[in-house]
Amino acid sequence: MGDILKLVGQRLGLGLVILLVISIIIFFMVELLPGDIAQAVLGQGATEENLTALRKEMGLDKPAPVRYLQWLSGAVFLDFGNSIVTGEQVSSVIGQRFMNTLFLAAYAAVISVPVAISLGILVALLRNSIFDRVANVLTLTSISSPEFFLGYILILYFAVKWNMFPAIASLSKDMSFGELLNRTFLPALTLVLVVVAHMMRMTRAAIINLLASPYIEMARLKGVPPLKVIVRHALPNAWAPIINVVALNLAYLITGVVLVEVVFVYPGIGQVLVDAVSKRDFPVVQACCLIFAATFILLNLAADVGAILTNPRLRHPK
Amino acid sequence: MSVFVIAYYSLLLIGSSLAAYFNKRSIFILLFSLTMVSFVLGIIGGSGALVMVATFAGLLALAGMVSYSFREALIMMAGPELAKELRTAPLTAAFGMFVIFTYAITGIFAPWIAPYGEAEVISNAFEPANADMLLGADQLGRDMFSRLVYGTRNSVGLALTATVLAFVLGAGAGMLAATKGGWFDQFMGRFADVIMSIPSLIFALLMLSIFGSSMPVIIVAVAIIYAPRVFRLTRAVAGNVVVMDYIEAAKLRGEGTGYLIRREILPNSMAPLVAEFGLEFCFVFLLVAGLSFLGLGIQPPTADWGSMVRENATLISFGDITPLIPAAAIALLTVAVNFVVDWMLFRSSGLKEQ
């Protein structure tokens with residue numbers, strides 16, 4: 001057990017280091033701005049007094065490394081400073097919206113993971129049949145479509161033509177859970193379509209890879225029925241790649257969510273990020289990027305750790 | 001029971017009986033399952049659903065025929081070596097090549113194909129389609145069709161430039177890292193790790209927010225984001241080539257690094273790199289489309305598919321599908337490239353599944 005803890009600890013440490021490097025990149029890229037933030041906010045016509053005042057207010061008179069340390073220590077306690085445009089606290093703008101985004105991603109994940117894995121196994125079983133070919137073309141199409149294409153098609157049919165679900169996901173505090181699920185169904189379905197396709201293909205590849213190994217051949221030669229070969233012989237070894245696939249795709253959800261939120265006007269963190277980018281509201285952009293990157297790294301770490309836990313061979317690296 | 005329904009079923013039944021008579025098993029199964037599906041859908045959805053199924057099947061058959069003839073035409077034109085390869089291409093790959101070919105023609109000859117200029121205002125906003133404007137007007141009264149044609153040039157051109165730049169950077173660094181080894185290799189590997197651990201769309205948004213969104217910034221930003229992926233693959237492929245005996249021989253001959261990369265390593269790692277180019281192009285194209293959909297890509301009035309979807313999105317709430325056409329154009333090209341890449345991967349890696 002001790003060596004597992006050590007390995008997991010190593011991975012966590014590595015993740016922290018990467019996160020630290022990314023925070024440095026995110027912070028110092030803003031420093032690359034021609035002129036500085038104050039100049040960018042106030043524009044070319046700003047007077048010298050205004051510039052100095054704003055610089056003072058934002059703490060720009062201190063050297064960059066000092067400001068980075070201040071920003072980082074604030075970020076650890078979820079204090080990302082104030083927005084340039086509205087002057088509000090960034091954390092209060094982001095907080096609730098981050099929960100909304102997490103809810104949407106979780107909603108999509110709960111639907112897509114079981115569907116994708118069972119379909120992936122089914123397709124691997126029926127490989128090279130007509131069913132497999134059709135599934136291949138369909139998943140490829142779904143992966144290749146931009147998220148907004150799928151989203152608008154769903155709006156066109158489910159909201160405008162058949163009037164089944166609302167097209168715009170407006171949320172309010174006093175909604176019942178059923179109402180909430182109904183309102184967020186279309187954005188979640190868009191994400192599900194993309195992620196299921198990815199996950200199915202990866203699950204199929206993982207299972208087929210396994211089915212080529214000698215012990216499966218042995219089981220088959222013994223006369224074990226095909227379904228039993230999959231469930232009893234292949235699946236226990238397939239968990240590691242499948243866990244990997246799931247975690248990687250959840251990480252993929254993180255980026256997909258930005259476009260989907262914009263399509264459905266969903267009050268999530270992606271929408272905040274896009275607004276902040278077009279208004280050049282740097283503290284908000286930095287905070288959102290850091291949050292997205294941290295989630296991404298966390299999920300990738302989960303994939304790593306899951307693989308280590310389910311595959312004993314990884315516990316004793318050569 | 002309208003005339004259409006009777007004609008539809010009799011055609012299907014005649015087709016499947018003919019296929020059965022001539023022992024064409026796969027065609028028979030296809031036609032017969034289509035008949036069965038039509039029965040079920042016809043009972044549930046009436047003849048409206050049948051028309052949809054028929055249109056869909058007709059389009060699919062048309063695509064199949066086009067790809068078949070396009071493949072035959074290519075085989076006729078190509079030399080004997082290439083023709084042999086092309087004969088093994090599945091219909092999906094032929095379809096992909098056909099679509100890519102069409103897009104290339106549209107992009108190159110855009111000014112001759114489009115009836116109006118891309119920024120030319122010719123009518124009222126959201127004017128419906130008529131004889132002059134095949135697809136109607138957009139939110140400022142510009143011709144949708146012309147903008148779609150110009151969009152081919154702008155969107156695909158931008159994505160292609162960014163992919164090429166990412167490839168030059170990534171593949172160059174990858175091969176250099178494989179030949180040099182040592183600390184350079186280590187450093188580049190860790191550097192690629194860090195960049196790849198930031199989600200691509202988020203990283204692109206960060207860079208655009210800082211440097212503003214203009215063509216060169218988008219190209220460089222996208223290239224920086226995707227170069228590490230190319231680097232990883234090139235490093236892995238070239239790593240297998242570098243340990244070969246003929247590389248050792250070339251080194252003993254006293255050849256320099258430049259010669260090794262150009263004449264020995266590059267030709268021997270070409271096949272996976274070409275397939276990777278197609279894949280990367282798809283990712284880049286989708287990323288750029290996403291950026292312009294968010295209003296941060298190519299700036300107006302230049303026609304661009306992603307922003308066209310966004311600008312005309314209000315039409316969707318009236319049940320009009322025009323804003324979906326540019327989005328479908330994006331999806332179609334990505335699907336086409338993926339089909340071709342699928343075939344190339346299958347061919348080059350010997351990915352033959354039992």
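The values are calculated or read from the model by the stated rules, or taken from the named source; none is laboratory data. For clarity, every value in this text was computed on a predicted model and none was experimentally measured. Quick reminder, even Gly has a Cβ in these numbers, built from the backbone with ideal geometry, and neighbours come from all protein chains shown.
Can you say whether residue B:109 is touching a Leu at 6+ places or on another chain (Cβ under 7 Å) and without any contact (Cβ under 8 Å) to a residue 60 or more places away in the chain, as far as the supplied structure shows?
Numbers: touching a Leu at 6+ places or on another chain (Cβ under 7 Å): no; without any contact (Cβ under 8 Å) to a residue 60 or more places away in the chain: yes.
The answer is no for residue B:109.
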### Summary
Given (1) within 14 Å of another protein chain (Cβ to nearest Cβ); (2) polar (S, T, N, Q); (3) without any contact (Cβ under 8 Å) to a residue 12 or more places away in the chain, residue A:172 misses just (1)
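May I ask you to list the residues in the range B:212-228 that are of a type outside the set (A, V, I, L, M, F, W, C) and either outside the structural domain of residue B:285 (by TED's automatic domain parsing) or farther than 12 Å from residue B:196 by Cα (or both)?
Start the filter on the range B:212-228 by keeping residues that are of a type outside the set (A, V, I, L, M, F, W, C), which leaves B:212-214, B:216, B:226, B:228.
Within the range B:212-228, B:212, B:213, B:214, B:216 qualify.
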## Note on the structure
The residue that is surrounded by the most Cβ atoms within 10 Å (Cβ to Cβ), considering only those in the range A:118-143 that are away from chain B (no Cβ under 11 Å) and in contact (Cβ under 8 Å) with a residue 12 or more places away in the chain, is A:120
### Task
Would you be able to say whether some residue in the range A:88-105 is modelled with pLDDT of 85 or more, within 14 Å of chain B (Cβ to nearest Cβ) and closer than 20 Å to residue B:331 by Cβ?
no
### Which numbered condition residue B:210 misses (of (1) within 14 Å of chain A (Cβ to nearest Cβ); (2) crowded, with 20+ Cβ neighbours inside 10 Å; (3) among the β-branched types (Val, Ile, Thr); (4) within 27 Å of the chain's Cα centre (by Cα))
(4)
### Task
Can you give me the number of residues within the range A:265-290 that are within 19 Å of residue A:186 (Cβ to Cβ) and either touching a His at 6+ places or on another chain (Cβ under 9 Å) or in a loop (DSSP other than H, G, I, E, B) (or both)?
4
### Query
With respect to residue A:249, is the statement that it is within 14 Å of another protein chain (Cβ to nearest Cβ), in contact (Cβ under 8 Å) with a residue 24 or more places away in the chain, over 22 Å from residue A:25 (Cβ atoms) and assigned to a helix (DSSP H, G or I) true?
yes
### Task
Identify all residues within the range A:151-167 that are in contact with a helix residue (DSSP H, G or I) (Cβ under 9 Å, 6 or more places away or on another chain) and within 11 Å of chain B (Cβ to nearest Cβ); write none if there are none.
A:151, A:152, A:153, A:154, A:155, A:156, A:159, A:160, A:167
### Test: residue in the range A:252-268 that is more than 9 Å from chain B (Cβ to nearest Cβ), at pLDDT 80 or above, more than 24 Å from residue A:21 (Cβ to Cβ) and surrounded by fewer than 23 Cβ atoms within 10 Å (Cβ to Cβ)
yes
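When the residues of the range B:303-325 are filtered to those that are within 20 Å of the chain's Cα centre (by Cα) and facing another protein chain (nearest Cβ under 8 Å), which remaining residue is modelled with the lowest pLDDT?
At the first step, the residues of the range B:303-325 found to be within 20 Å of the chain's Cα centre (by Cα) are B:303-309, B:323-325.
Okay, now just the ones that are also facing another protein chain (nearest Cβ under 8 Å), so B:306, B:309, B:323-324.
Details: B:306: 86, B:309: 86, B:323: 83, B:324: 87.
Here the answer is B:323.
Counting only residues that are in contact (Cβ under 8 Å) with a residue 40 or more places away in the chain and either at the interface with chain A (Cβ under 9 Å from one of its Cβ atoms) or assigned to a loop (DSSP other than H, G, I, E, B) (or both), how many does the range B:182-204 have?
To start, the set of residues in the range B:182-204 that are in contact (Cβ under 8 Å) with a residue 40 or more places away in the chain comprises B:185, B:188-189, B:192, B:200-201, B:204.
Imposing the further condition that a residue be either at the interface with chain A (Cβ under 9 Å from one of its Cβ atoms) or assigned to a loop (DSSP other than H, G, I, E, B) (or both) reduces the set to B:200-201.
So the count comes out to 2.
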